[in-house]
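No value in this document is a laboratory result; all are computed from the given coordinates. This is a predicted model, so every value here is computed, not measured. In this analysis, Cβ positions are derived from the backbone assuming ideal geometry, glycine residues included, and neighbour counts consider all displayed protein chains.
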Amino acid sequence: MSRDRKLERFSAVHTAITGTEHGHGHDDKEEAFMATPVTVPMVGKIVSVSVKVGDKVKEDDQVAVLEAMKMEMPLVAPVNGVIKEIRVSPGQEVEAEATIAVIE
């Protein structure tokens, strides 16, 4: 893979993770890398939310429960941190890869 293609792929991944283009948004750069989204793996409905803003969580702590394909599955924290934002409520329908919470 050429150097240019590698840079192009890195930039696409960076944009997907941070929401900013590589080399732009310098003021938010530190915050963007400190905040980690909690996402859902598939379309479904939020059954419950187990945390609130300000709660400390450890990696693999349950954040919420998703109902999909007639099954309930726990949605867990991907990292240790503090819940900065909750973006869903029980009963809410969510799309695949939707961010339900942000951990800082």
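Quick notes on this one:
- P(r) tail for the stretch 36-104: Cα pairs beyond 15 Å make up 42% of the total.
- For the stretch 36-104, lysine pairs separated by 8 or more sequence positions, or belonging to different chains, with Cα-Cα distances below 14 Å total 4.
- Net charge over other residues, Cβ less than 12 angstrom from the Cβ of VAL94 (K, R count +1; D, E count -1): -2
- Label point distance in nm, MET69-ASP55, each placed 7 Å from Cα along Cα→Cβ: 2.6
- From least to most packed, judged by other beta carbons within 10 angstrom and beginning with the fewest, LYS56, LYS70 follow the order LYS70, LYS56.
- Förster-model FRET efficiency, 22 Å R0, LYS84 and VAL43, C-beta, rounded to 0.05: 0.35
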